[in-house]
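All remarks here apply to the structure that follows.
What follows is calculated from the coordinates using simple rules that are stated; it is not laboratory data. Remember, predicted model here, so these are calculated numbers, not experimental data. Cβ: placed from backbone, ideal geometry, glycine included. Neighbour counts: every protein chain shown.
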Amino acid sequence: MKKEKVKELEQRIMLEEIIPDICLAEEQWKGNIIICPGGAYKWHSPREALPVAKAFAGQGWKPWILYYSVSDHGEILGTIPLCQAAGAVERVRKHCPHKPVVICGFSAGGHVAASLGVHWNDDAVFAKKEQARIRPDGLILCYPVITAGQYANQESINALAKGEKSSYFSLENYVHRQTPPVFLWHTAADSEVAVQNTLMFANSLAAKGVPFELHIYPYGVHGLSLATKEVEEPQKERYADAHVAGWFRQCTEWLDIIFFQFTQAET
């Protein structure tokens, strides 16, 4: 891809501000959630976009949706989605300078979110002066693509890089002590993105002392989103599952604990 085209795509940030049914004044929102829907870096899943945005809005979090660049014609994306995620965080932070900015991703969108979580301070990609502005305050990773190694979702990784260059996108190897706190969930039965992706990332977080919460559910196919009736997709065996759907309540409790120091005793 030509350098001019790469620069143009990096700067093209399709960030949608969602105006939910619950309209709160700016100061009443708990914080901001930037949602990155999945789709193997080939498309954006609508089931992991607006329904998720509405759910977070219902819990007092201002939602945004990032439609990062995808490789719909076989382009090699490289760091373009990473740079767009950084730009989205910076833009939201300017809009709401005193509120947390959390980035939430599903599948390949989880890779976008986690990429920013580990690479925000990469001097080779981001200028020193912008690094503090683009660091997310937290990550929510839902059955994320993480590794470019043995358990890779190769379709997603191939959209970013080929051969040795793909090692940069094996995110479990880049976790550091300044990686933001993380909420992760996955199903053990996921046959599209192996649960080892999440387990490897969690292991790296533990090794670096980064706070995280991890939930592995025993059953369920890939791409369950909220796992509610609203996002069912029977043709792909994606059905509502009350147990898996519990991830959302656990996630919003985690957000309160991380950012507002709520305890079980207080709730």
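In the chain, the DSSP beta bridges split such that about 15 percent are antiparallel, to the nearest 5.
In the chain, Cα pairs under 8 Å separated by at least six residues give a relative contact order of 16 percent. Residues T252, T198, T187, arranged from fewest to most other Cβ atoms within 10 angstrom of their Cβ, appear as T252, T187, T198. Here is what passes the span test in the chain: the DSSP H helices with alpha carbon length of 20 Å or more along the helix axis and a Kyte-Doolittle mean of 0.5 or above are 242-260. Here the chain is treated as an ellipsoid with the same Cα gyration tensor; its semi-axes, largest first and in whole Å, are 25, 22, 19. Above 13 Å, the calculated P(r) of the range 129-189 contains 69 percent of its Cα-Cα pairs.
Modelled spin-label separation between E237 and N203, with each label point placed 7 Å from Cα along the Cα-to-Cβ direction: 2.7 nm. Here S45, S69, S167, S107 are placed in order of increasing Cβ neighbour count within 10 Å, fewest first, which gives S167, S45, S69, S107.
Mean residue ellipticity, 222 nm, helices only, the chain: the sum of -39500 (n - 2.57) across DSSP H runs of n ≥ 4, divided by residue count and rounded to 500, is -10500 deg cm²/dmol.
By the count of other C-beta atoms within 10 Å, a proxy for reagent exposure, H98, H222 are ordered fewest to most as H98, H222. When the listed pairs K62/K94; K94/K129; K129/K165 are checked against a 21 Å cut-off, the alpha-carbon distance exceeds it for K129/K165. The alpha carbon convex hull volume per residue for the range 197-267 rounds to 114 Å³.
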